[in-house]
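First up is the structure itself, then whatever we jot down about it.
Nothing in this text is a laboratory measurement; each read-out follows from the coordinates by a stated rule. This one's a predicted model, so the numbers in the text were calculated from it and none came from an experiment. When we count neighbours, we look across all protein chains shown, and the Cβ atoms used for this are built from the backbone with ideal geometry, even at glycine.
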Amino acid sequence: MNFICNFPFFSILLSLFSGTVCSMLPAKAAKVVNRVVIITVGILSAILLLYLLSTGEPFVYWMGHFPAPWGNEIRAGVLEAGMALFFCIIMYLSMAGGAHKLYGEVVESKHNLYYILVNLLLCSLLALVYTNDMFTAYVFVEINTISACGLIMIRQVGRTIEAAVRYMIMSLLGSGLLLFGLCIMYDLTGHLLMSNIKESVSLLVANGEYQIPLIVSVALMCVGLCIKSALFPFHAWLPDAYGYSTVSSAAILSSLVSKGYIFLLIKIIYRVIGFDIFNSTRIIDVLFVFGLMGMIFGSISAIRENDIRRMIAFSSVAQIGYIYMGFGMGTQAGMVASIFHILSHAATKSLLFIAAIGLTDVSNGSRKFIDLTGAAYRNKWAGAAFMAGSLSMVGVPLFSGFISKLLFSQAAVQVEGKMLASLIVLGISTVLNAIYFMKTVIRIYTPVKESSYSGITFREMKGYAVVLVCFIVLNVILGVSSQPVVNMIEQGLAMFA
Amino acid sequence: MGPNLLANYGEAVSAILFCIGFTNLLLQTNLIKKIIGLNIMDSAIYLFLAEKGYIAGRVAPIVVNGVTSTEAYINPIPSGLVLTGIVVSVSVTALMLSLTIRLYTRYHTLDLDEISTQLKKEGR
Amino acid sequence: MTAFQIILMGLLIICAVSVSFSKNLLNAILIYMSFSLVMSMLWICLESPDLAITEAAVGAGITSVLFFVTLKKIRAIESTEPEKKEEPKDE
Amino acid sequence: MSKKRPAAEYQKTFAFHFFRWLSGVKDPYLDEVEMHPQKEFQMDPEAVLRHEKEHDAILDKVYDPQRNMEMKLFRKLYHATSIIFCLFLIALLLVTISWLPATGTIDRPANNEVAKRYIEKGLEETGAVNIVAGMILDYRAFDTLGESHVLFTATITVLILLRLNKTEKDEAEISDRRFEPKNDAILQLVATFLVPIIIIFGIYIILNGHLGPGGGFSGGAVIGAGLVLYLNAFGFKKTERFFTEKTYKWVCFFSLSFYCLAKSYSFYTGANQLHSVIPKGTPGAILSSGLILPLNIAVGLVVACTIYAFYAMFRKGGF
């Protein structure tokens, strides 16, 4: 076996171990360790991605001395390695962009705990991405949930704690359903490894045995993961959690945590049930309908919001609706569009959160629109970045949001029966997006005569500006050279089968 | 209805318990009762799993007198999974309880609806 | 043995329902504790002693103690009588 | 390096203009291009005040549960949907269960080659008499590694929520004292007898994890319960002599690092098909079954300390 094949294992264990190590370190050292770990894991994933692109073959890696149905396994393909790399980039930028707020919002003595949680979160995301075993996925889903809850309530104001409670309750309902579905699946197939389950499932479907339990189990797992990733009717916890937590947490939660669950769902669809079997159930129609509803209602709630952070949070609900709409189409093209949208939304949403904090900082920390008037003149970098993010969200060419909308409409055209609905809702949702994002952009670029708030100069926020520029560049790269990324996604999906 | 409902009475009980827990988690306004509901829900799933491993007339998977034939022991996998699951539910319970303490010290009530009403009143 | 199992399962359901409807938090926690004990007995019947030992130590012991401390912390228990004498049960 | 450019030349460069614009000294378009000035934002303080007043009035009305019919209706609707959903879920699960293979029988999909190998080869391949212990700590060790880190993560979140700083801690201690049983002779006498027994029993469960029912987690929980009982009987002053936050940190750090490193070694050698040097020992002996015994001890230590830490955190926000 090539030495590079060890890299997924190294990255998981490195982030896990660094969590333990950080518990003994003071905050400064923990910060350094955290940064170094994220960069190292990113480099390892990049090398792995290159290696996999050159060989073109996915591989499985034994976690222990025993082969497939007996021991644990992890598995790496192009999509997994690419996701890991992308998650590392977003996480690094979010941590760097929000670092200056951490000092104001979190008690000094609890900083190292924050870095421990981020390390563990990274570990659980990597494990969710790479795992080839359903029960391992469940365990790491729990780590993900608990550490995400920690990230929400590390800034201890009443709102965040209430949001954390709501988040935990919804997540635990989701975990319960997921675990129940998993148990039924285990009883039907006798396996916990994804590839073995898939074999048994296709055998069961071919023989026509246990049809009802099979569908119920798949449905339970899907509903569980939908609840956890805040699909439309289950999004009640989301605005408070994203709106009031410290900014790095908000960026990480919106762009990574929910995406981790969605990626697990993609893995379940492809590697556990099989894409064709999944599409022959009615579940995709349900996902489609809820996705469409999420797109509309999320945007409407965002328009009614008077608080910039909560507005961005509600916009997340709409964007998650897009992703599930792509699943609901039931075609390969829809899936590719959804995965591309995961990337584009992650890059854009974290940019918006980080930029919004820059704008509120120069408005005495107020998030109300009336106080944000003219904020873009006081903090020019944040203003420009917010505008770039908004344009991307609305779907202006040159930015990543445009490509994902293009892919969605291309995919929709190919689906009979769902074309009209998805195109109409896409159009409406784009208009609604434009309304609330452009409203904000105009508001922040309206000059005020005598400003009571002080501006901020470039010298005081060099690191912050660099992060914003990196985010904008990432967005533009995704928007301009989308073809290689789309090719990579298609190759990765082909490796899933 | 399928053929095995009576044979699977243990699972049926666990499904009912699961739903009782689920309902508690959704409907109880008191946080502590919500957490108890959560624990009941988790235990129900573990009961379901343990039932799935059970085989009539066989003993626990601890090797006695060196007998290692499959006919002697029940399926060990569900037990292992449940052991892992119990740890998860304890951790979650501890976290939820500490959140409850925090919320109570801030709002002096355990009623989640009341807390959110207070929140909306005080803050925009 | 089957009859015993059925009785235990009936107890489980009774416990779960009465937790939902009990007005007093302390009672609810005590009932939950007995729920755990019944569950651990059931696991003995299902030939899983590992689970039984863990559930007895954790469900009836640790979780309940944590519940009691929480209750105490939020001043729901008025008297100073500690309920923690139940702990040695996990032997 | 380039030599320093004269100021006049530098002032013509793009970078100079750009940074001047950025720092807000001068707008390059001002006086150069004819433009209509953007309309300035006029804040009408009276309107804002009026707006806020109205907003407050609306909020008072909306969140007054007595008067708000809509909210009442919403709650009722929520209850109704939840109950319907739960009834639906019960029905769905019961139907599902009625189609599942019958419990207690042998010819079920779950009794396949996986369970067979665990039972038949488990003793030989892991060295553990307790097949469940062998399974979770050797065959499927990655899950268990994750599991112990779930506990670790939960401890971190509890620390975030409940750990207090110095001054708060003193207050908490005073309020805690009101509830602490002072010099309860009966409790102390009982504890003197019970605590050693409980702790020895816990150690037995941990050490016996690979030979019989038990293992790191349950044994650790029992030891933790013993420590909690000791704390209740004798108070924080006594326990602080041997158990402080530092002890907790170091024990947790060493156990978890050992766990991580040991398992990394075993995963690495397993995946690369290298020979592992860890001896399996004779099955049935106390020193046997390779890594399982040390791992059980590590888990037991972590769990015992974590339980005590939970309790102490809940009681007074510190050790």
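General observations
- Counting charges near residue A:316 (Lys, Arg +1; Asp, Glu -1) among other residues having Cβ under 15 Å from its Cβ returns a value of +2.
- When C:38, A:60 are sorted by how many other C-beta atoms sit within 10 angstrom of their C-beta, beginning with the fewest, the order is A:60, C:38.
- Relative contact order computed over chain D (Cα-Cα under 8 Å; 6+ residues apart), in percent: 20
- Listed residues D:263, D:238, D:12, most fluctuating in chain D (Gaussian network, C-alpha, under 10 Å): D:12
- Intensity falloff of the protein assembly as shown expressed as log10 I(q)/I(0), Debye formula with alpha-carbon point scatterers, at q = 0.04 Å⁻¹: -0.19
- Among A:36, A:46, A:171 - extreme Cα towards positive end, dipole of segment A:1-280, charges at beta-carbon: A:36
- Cβ crowding within 10 Å ranks A:353, A:66, D:236 as D:236, A:66, A:353, fewest other Cβ atoms first.
- Segment A:327-421 - percent relative contact order, Cα under 8 Å, separation 6 or more: 35
- On Cα atoms only, tilt of B:31-53 relative to the major axis of chain B in degrees: 10
- Packing, taken as the mean count of other beta carbons within 10 Å per residue, orders the peptides A:131-140, A:297-306, A:323-332 from highest to lowest as A:131-140, A:323-332, A:297-306.
- Annotation: the residues D:21, A:70, sorted from fewest to most other C-beta atoms within 10 Å of their own C-beta, follow the order D:21, A:70.
- Per-residue ellipticity at 222 nm from helix content only, as computed over the protein assembly as shown with -39500 (n - 2.57) for each DSSP H run of at least four residues, stands at -24000 deg cm²/dmol.
- When the C-alpha to C-alpha distance is required to be over 19 Å, the pairs from A:439/D:53; A:439/B:121; B:33/C:23 that qualify are A:439/D:53; A:439/B:121.
- Within-13-Å neighbourhood charge of residue A:65 [Cβ basis; K, R +1; D, E -1]: +1
- Tilt relative to chain B, helix B:9-27 - C-alpha long axis, 0 to 90 degrees, to 10: 10
- The residue list A:6, B:96, B:119 was ranked by how far each Cα lies along the charge dipole of the protein assembly as shown toward its positive end, using unit charges on Cβ atoms, and B:119 comes out on top.
- Under 15 Å, Cβ to Cβ, from residue A:76 - net charge with Lys/Arg +1 and Asp/Glu -1: -1
- Axial C-alpha extent at least 30 Å, average Kyte-Doolittle at least -1.0 - helices from chain D (DSSP): D:69-99, D:141-162, D:185-207, D:245-271, D:292-316
- Counting only whole DSSP H helices of chain A, the ones at least 24 Å long by C-alpha along their axis and with mean Kyte-Doolittle hydropathy no lower than -0.5 are A:27-55, A:78-105, A:111-130, A:134-153, A:158-189, A:211-228, A:283-304, A:308-329, A:332-361, A:419-444, A:462-480.
- Dipole orientation for segment B:1-82: of the candidates B:49, B:10, B:28, B:28 has the Cα lying most toward the positive pole (charges on Cβ; Lys, Arg +1; Asp, Glu -1).
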